Amino acid sequence: MVEASEPVDPTQEPEDDEPMTVFEHIGELRGRLIRCILAMIPGVAIAWVFRERLMQFLVSPLADA
């Protein structure tokens, strides 16, 4: 059974929250974007393999109408 967590105080900062420079923020953003792109590659590859079936599935409501 999942218990409700304690209410979060919006004025309390996270424990690991450290001030960062603009370049550090840009570096972190770059790393996150790279991970997102790398995570999308397998999904796109799988979708490409099944592209014809996916297209038929997506177009079938229009064809039925």
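Stretch Ile34-Phe50 to full length: gain in nm at 0.36 nm per residue minus the Cα-Cα span?
Details: separation 16, 0.36 × 16 = 5.76 nm, distance 2.51 nm.
Once the chain is fully extended between Ile34 and Phe50, it gains 3.3 nm.
Tilt of helix 51-64 relative to the longest C-alpha principal axis of the chain, in degrees (0 to 90, nearest 10)?
70 degrees
Can you give the percent of C-alpha pairs in the chain whose distance is more than 13 Å?
On the way: 1662 of 2080 pairs.
Summing the P(r) tail past 13 Å for the chain gives 80 percent.
Got a sec? How would Val44, Val22 order by Cβ neighbour count within 10 Å, fewest to most?
The fewest-first ordering by Cβ neighbours comes to Val22, Val44.
None of the figures in this text is laboratory data; all of them are computed from the coordinates on show. Bear in mind that the values here come from a model prediction, so they are computed numbers and not experimental data. Positions of Cβ are backbone-derived with ideal geometry, glycine not excepted, and every protein chain shown enters the neighbour counts.
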